[in-house]
Amino acid sequence: MAKRAMKKTESKVYKQQLVHLRARLRGDVTAMADSALNGQDADKTARMPIHMADMGTDNFEQEFTLSLLASEEDTLGLIEAALERIEDGQYGLCQGCESTIPKTRLNALPYTPFCVKCAEKTQMG
């Protein structure tokens, strides 16, 4: 017997959470990108490191910010996919085994496309 996706009234709460999370992450991504890529050029002369260790720290901070930025972009992609599943009536179904994703998992990770067992198999978490 095929599992049924979540009712539209139930998925409306998750849609609101996803839209809010997407807006917050977009703001964070923009701020991080500006800081990592543009902000350093504007202040370069004002905060030019005097010591090699300071330059290394600046480079590390920029690489760390860019790494976080990539992670945020991945999460935004998962959020967009979850919003599409809501529109398609497939939200709440695992994309691996097609079973129902428990609401406790969706409350923690509303953008997850997998149940816990399938997430462990795919390493998506």
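Computed from the coordinates by the stated procedures, all read-outs in this text should not be read as laboratory data. Remember, predicted model here, so these are calculated numbers, not experimental data. Counting neighbours? That spans all protein chains shown, and the Cβs are built from the backbone with ideal geometry, glycine included.
For the residue pairs Lys15/Lys117; Lys12/Lys103; Lys8/Lys103; Lys7/Lys103, the alpha carbons lie more than 22 Å apart in Lys15/Lys117.
Kindly state, to the nearest 0.05, the FRET efficiency for Lys8 paired with Ala70, given R0 = 41 Å and r defined as their beta-carbon distance. According to the calculation, E is roughly 0.75.
Amide H contacts of Ser99 (H built 1.01 Å from N, in plane; Pro and chain starts excluded): Cys94 sit under 5 Å, all sequence-distant by 5 or more or on other chains. In this simple spin-label model, placing a label point 7 Å from the Cα along the Cα-to-Cβ direction at both Leu25 and Thr122 gives a separation of 1.4 nm. Stretched out straight at 0.36 nm per residue, the stretch from Ser99 to Leu78 would grow longer than its current Cα-Cα span by 5.7 nm.
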